[in-house]
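Note sheet for the following structure.
The values are calculated or read from the model by the stated rules, or taken from the named source; none is laboratory data. Bear in mind that the values here come from a model prediction, so they are computed numbers and not experimental data. Cβ: placed from backbone, ideal geometry, glycine included. Neighbour counts: every protein chain shown.
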């Protein structure tokens, strides 16, 4: 791994000191905080019963809105610090490139790149409804992890190019939203820029959060974007991005993390748990608690029976209902649980999100349903990865593009100086 910039080194030293103590309200029997090094919570850090016990302890420690609000404010600060984004970097021009518009049945697709910081390129696709007028809601689409790319053909099912990602974005556009699908750091088109190994750098959390917030800057800068209707949704690692971005960016008004919110599983990739966003001397938060930072904004949890979200209906969802209840908004959080399904963003899960977003964002659900009211995704055109790329042999990434996480970290740090 390249040497860390000064800000990251300072963060690491802070984490060392924080790791020597632990939060007094936590139940006993948890893995102890390390004597040295950052207090990380990788993967299945807890047993399911331990995760549930932490949520019970949190409700006892924060039994009302005033106490939860104070902790929520504190926790947002600690997450921002742990992610290496305190203070927030200065926002620089996006220098967006939007090209190669294609028109399909009820929507268009364009290839997009922008700079989240000078030389830091975020690649994606912009889906817009055809024939729409007036202000339109905007949706940021994040995606989960995928198998490594070994052959050029693998790109057609990888990251934002995958048919399931194209399908949900296209249908949401057909329903009347402007949808922006972006690559994870060093995934999809980003492999060309950063290589695949770069994704497992712990600084990917920092990059994901900042890239997501700048993607919202891009979306909200488009003509016709409605700043009162802003949503984020993604699955697995994209679900982690969903609840972290929503927790830290108050512009998000609706959230739908899919197959990710768990009280005991913290994310198995360094891009989810590689820095101490979950634990320090004066804070602890599992992913259910981070998702609770969305309250009272509408949020849908989509869970299944074959991964770490199997207990959502009886553990994480009741906890979120209680937190939302502090705001008189218990009805603003929902759970669709699919006990016979597994870890994906498949048709049933997409249908749940379409219906939730249709209600919360005032979208046209009829655009994606048949005469019987069932979801119909048959009118989508799936493009090959080659058609969805921004950068090509004839239109390469600029020569000043940065190519590793260390350089990106230094670029962010430069924007954090007074």
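Residues being on the phi < 0 side of the Ramachandran plot, modelled with pLDDT of 95 or more and either in contact with a strand residue (DSSP E or B) (Cβ under 8 Å, 6 or more places away or on another chain) or part of a helix (DSSP H, G or I) (or both) are entirely absent from the stretch 263-270. Screening residue 7 against (1) assigned to a helix (DSSP H, G or I); (2) at pLDDT below 95; (3) more than 30 Å from residue 197 (Cβ to Cβ) leaves a single unmet condition, (3).
Among the candidates 34, 38, 87, the residue that is modelled with pLDDT of 95 or more and part of a loop (DSSP other than H, G, I, E, B) is uniquely 87. If the condition is being farther than 22 Å from residue 337 by Cβ, in contact (Cβ under 8 Å) with a residue 12 or more places away in the chain and surrounded by fewer than 24 Cβ atoms within 10 Å (Cβ to Cβ), then the stretch 238-275 contributes 248, 249, 251, 252, 253, 269, 270, 273, 274. Just give me the residues in the stretch 156-165 being surrounded by fewer than 20 Cβ atoms within 10 Å (Cβ to Cβ) and touching a residue at least 60 places away in the same chain (Cβ under 8 Å), in sequence order. Hits for the stretch 156-165 are 156, 163, 164. Within the stretch 271-285, the set of residues being more than 19 Å from residue 35 (Cβ to Cβ) and at pLDDT 95 or above comprises 277, 285.
Can you confirm whether the stretch 302-319 contains a residue that is assigned to a helix (DSSP H, G or I), touching a helix residue (DSSP H, G or I) at 6+ places or on another chain (Cβ under 8 Å) and free of Cβ contacts under 8 Å to residues at least 40 places away in the same chain? No: the stretch 302-319 contains no residue that is assigned to a helix (DSSP H, G or I), touching a helix residue (DSSP H, G or I) at 6+ places or on another chain (Cβ under 8 Å) and free of Cβ contacts under 8 Å to residues at least 40 places away in the same chain.
Taking the stretch 350-385 on its own, how many of its residues are outside any loop (DSSP other than H, G, I, E, B), free of Cβ contacts under 8 Å to residues at least 40 places away in the same chain and out of contact with any helix residue (DSSP H, G or I) (no Cβ under 7 Å at 6 or more places or on another chain)? Qualifying residue count for the region: 4. If you filter the stretch 166-184 down to residues that are out of contact with any strand residue (DSSP E or B) (no Cβ under 6 Å at 6 or more places or on another chain) and crowded, with 24+ Cβ neighbours inside 10 Å, you find that the one that is modelled with the lowest pLDDT is 184. Selection of first residues in the stretch 123-134 that are part of a strand (DSSP E or B) and of second residues that are surrounded by 12 or more Cβ atoms within 10 Å (Cβ to Cβ) and modelled with pLDDT under 95, restricted to Cβ pairs under 7 Å at least 6 apart or on distinct chains, gives the following pairs, ordered by first then second residue: 123/188; 123/189; 123/190.
Pick from the stretch 220-237 the residues that are touching a strand residue (DSSP E or B) at 6+ places or on another chain (Cβ under 7 Å) and crowded, with 22+ Cβ neighbours inside 10 Å: which of them is farthest from residue 342 (Cα to Cα)? Per the criteria, the residue is 230.
Only one of the numbered conditions (1) assigned to a loop (DSSP other than H, G, I, E, B); (2) closer than 13 Å to residue 271 by Cα; (3) at pLDDT below 95 is violated by residue 143, and that is (3).
Filter the stretch 393-413 down to the residues that are part of a helix (DSSP H, G or I) and surrounded by fewer than 18 Cβ atoms within 10 Å (Cβ to Cβ) and list them by number. Passing the criteria: only 407. Applying the condition of being without any contact (Cβ under 8 Å) to a residue 40 or more places away in the chain and touching a helix residue (DSSP H, G or I) at 6+ places or on another chain (Cβ under 7 Å) to the stretch 327-343 and asking which residue is surrounded by the fewest Cβ atoms within 10 Å (Cβ to Cβ) yields 330. Evaluated against (1) crowded, with 17+ Cβ neighbours inside 10 Å; (2) under 20 Å from residue 297 (Cα atoms), residue 346 falls short on exactly one condition, (2).
Consider the stretch 190-209 and keep the residues that are within 18 Å of the chain's Cα centre (by Cα) and assigned to a loop (DSSP other than H, G, I, E, B). The one that is surrounded by the fewest Cβ atoms within 10 Å (Cβ to Cβ) is 202. Being crowded, with 23+ Cβ neighbours inside 10 Å, touching a residue at least 12 places away in the same chain (Cβ under 8 Å), over 19 Å from the mean Cα position of the chain (by Cα) and part of a helix (DSSP H, G or I) holds for only one residue in 323, 290, and it is 323. Residues that are more than 19 Å from the chain's Cα centre (by Cα) and surrounded by 13 or more Cβ atoms within 10 Å (Cβ to Cβ) do occur in the stretch 118-125, at least one of them.
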